[in-house]
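Taking it in order: structure first as structure tokens, then the write-up.
Readers should treat all values here as calculations from the given coordinates under stated rules, not as data from a laboratory. Everything numeric in this text was worked out from a predicted model, so none of it was measured. Cβ placement follows ideal geometry from the backbone for every residue including glycine, while neighbour counts extend to all protein chains displayed.
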């Protein structure tokens, strides 16, 4: 009976993970984020690799969450994962903002001529500090 339960969890988990990854990938590609990210980083030849890694990452993340898999290595591995995940998320957010022309509209609305890069950096640093406070003081 337990084997059937585990098999059902695996089937539904993999199905849900695949659908989540497909939906996430569809949103990113429909806005053109992957193409823009490859254009900005001058890595257009790795476009297929970007797509595959996004799908793989979303699927593996769901598998790790559903089966409560812990990666050995403790805090250093967690910190490294958080660093790379944050960099990737930040890159996607900046590409999304650039693709939807949000930054020029924001700059015009608040009437700034220079310093937009500093503002974006401060937003990123604020998010990083917030995450560190959360993980070290509230969660850990």
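Things to note:
- Among 27, 71, 93, the largest mean-square fluctuation in a Gaussian network model of the chain, built with springs joining Cα atoms closer than 10 Å, belongs to 71.
- With Cα atoms, 0 to 90° folded angle of helix 2-31 axis to the chain main axis: 20 degrees
- Highest-MSF residue in the chain out of 87, 53, 75 [GNM, Cα springs under 10 Å]: 75
- FRET efficiency estimate (nearest 0.05) - Cβ-Cβ, residue 4 to residue 80, R0 35 angstrom: 0.40
- The modelled label-to-label distance for the pair residue 26/residue 91, using points 7 Å beyond Cα in the direction of Cβ, is 2.5 nm.
- Here the calculated FRET efficiency for residue 107 and residue 42, from their Cβ-Cβ distance with R0 = 35 Å, stands at 0.90, rounded to the nearest 0.05.
- Helix 74-99 axis, angle to the chain major axis (alpha carbon atoms, nearest 10°): 50 degrees
- Mean Cα-pair separation over length for the chain, i.e. relative contact order, pairs under 8 Å, 6 or more apart, %: 25 percent
- If the segment from residue 59 to residue 138 were pulled out straight at 0.36 nm per residue, it would be longer than the present Cα-Cα gap by 25.6 nm.
- Full extension of the chain segment joining residue 51 with residue 127 gains 24.8 nm, where the gain is 0.36 nm per residue of separation less the Cα-Cα distance.
- Tilt relative to the chain, helix 47-66 - C-alpha long axis, 0 to 90 degrees, to 10: 50 degrees
- Largest mean-square fluctuation among 91, 56, 80, in a Gaussian network model of the chain whose springs join Cα atoms under 10 Å apart, belongs to 80.
- Given (i) 1.30; (ii) 1.09; (iii) 1.01, the label whose value is Cα Rg over 2.2 N^0.38 Å derived from this model: (i)
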